[in-house]
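Input: a single structure, listed below in structure tokens.
Throughout, read-outs are computed from the coordinates displayed, never taken from laboratory work. Keep in mind that this is a model prediction, so the values were computed, not measured. Ideal geometry is used to build each Cβ from the backbone, glycine not excepted, and the neighbour counts take in all protein chains shown.
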Amino acid sequence: MPLDDPNLGEIVVSQEQVKERIAELGREISDDYAGRAPLLVGVLKGAFVFMSDLARAIDLPVEFDFMAVSSYGSATKTSGVVRIVKDLDIDLAGRHVILVEDIVDSGLTLSYLRKNLKARNPASLEVCALLVRKGRQKRSPALKYVGFSIPPAFVVGYGLDAAERYRNLPYVCIWAGSES
Ligand code: 5GP
């Protein structure tokens, strides 16, 4: 068991695996966007840890912006109805935008965000998600960059929380506590 916490279960993605995969994603993005300065758009709060490490693995000038969304529904299940709590500061028109997400589960949050950002006329829009939960998306979510595909259990760590805790764990592990 990682940490001495009965709420934490098996490690799904280790610190070493995260590090290696982010280095690969950074190289891929650096090649794909060579000669351009992509704008990384992070979805708060979950994506901040991943985005910080990913950005440092990209060998290009990058810019950052963040948005915060809240989805209606319980903490562990999304309803797909998304409200923008903090909007972007930067105008997306003509920009090469990479939307950085912590985890894609049903894909409803992502599909809302993609539509919303697309309407702001970026030159291009791609998605980079650290985790994708296998078999949960109804339609193919067209994810260009994915860190890991994970099994159906609820996870915490590396930016992902349970009631705001565990975001600072350097790995991703199964949440064995009760769902709120
Ligand atoms: P979707 O709209 O794809 O169903 O849900 C995406 C959002 O739900 C994520 O951005 C995240 O906030 C939350 N979420 C989904 N699965 C998990 C999980 O296993 N752990 C945590 N901490 N959040 C999750």
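Counted over the range 99-180, the DSSP beta bridges are approximately 30% antiparallel. The H on the amide N of Phe154, modeled in the peptide plane, is under 5 Å from the matching H of Trp175, each at least 5 residues off or on a different chain. By the count of neighbouring beta-carbon atoms within 10 Å, fewest first, Leu110, Leu60 end up ordered Leu60, Leu110. Under 5 Å from the amide H of Leu92 lies no amide H of any residue 5 or more positions distant or on a separate chain, with H modelled from the backbone and absent for Pro and chain starts.
Under a 5 Å amide H cut-off, with hydrogens placed 1.01 Å from N, Leu44 pairs with Met67, Ala68, Val69 among residues at least 5 apart or on other chains.
Using just its DSSP H runs of length 4 or more, each adding -39500 (n - 2.57), the chain gives a mean residue ellipticity at 222 nm of -6500 deg cm²/dmol after division by all residues. For the range 123-180, report the % of Cα-Cα distances exceeding 14 Å. Considering the range 123-180, 61 percent of its Cα-Cα pairs are separated by more than 14 Å. Here the Karplus relation 6.51 cos²θ - 1.76 cosθ + 1.60, evaluated at θ = phi - 60°, turns the backbone of the range 102-114 into coupling constants of 6, 8, 10, 9, 6, x, 5, 4, 4, 5, 5, 5, 4 Hz, with x for every Gly and Pro. For the range 45-54, backbone phi angles converted through the Karplus equation (6.51, -1.76, 1.60; θ = phi - 60°) give residue-by-residue couplings of 8, x, 8, 5, 6, 4, 4, 5, 6, 4 Hz, Gly and Pro being listed as x. Counting neighbouring Cβ atoms within 10 Å and putting the fewest first, the residues Val146, Val127 line up as Val146, Val127. In the range 91-153 the Cα-Cα distances spread across 10 Å bins starting at 0 as 22, 53, 21, 4 percent of all pairs. Counting neighbouring Cβ atoms within 10 Å and putting the fewest first, the residues Phe50, Phe64 line up as Phe64, Phe50. Can you bin the range 1-157 into rounded, prolate or oblate? Criterion: square roots of the alpha carbon gyration tensor eigenvalues sorted a ≥ b ≥ c, rounded for a/c under 1.5, prolate for a/b above b/c, oblate for the rest. Since a/c reaches 1.5 but b/c is at least a/b, the shape of the range 1-157 is classed as oblate.
Suppose we look only past 18 Å in the calculated P(r) of the range 2-64. What percent of the Cα-Cα pairs does that tail hold? When all Cα pairs of the range 2-64 are counted, 47 percent exceed 18 Å.
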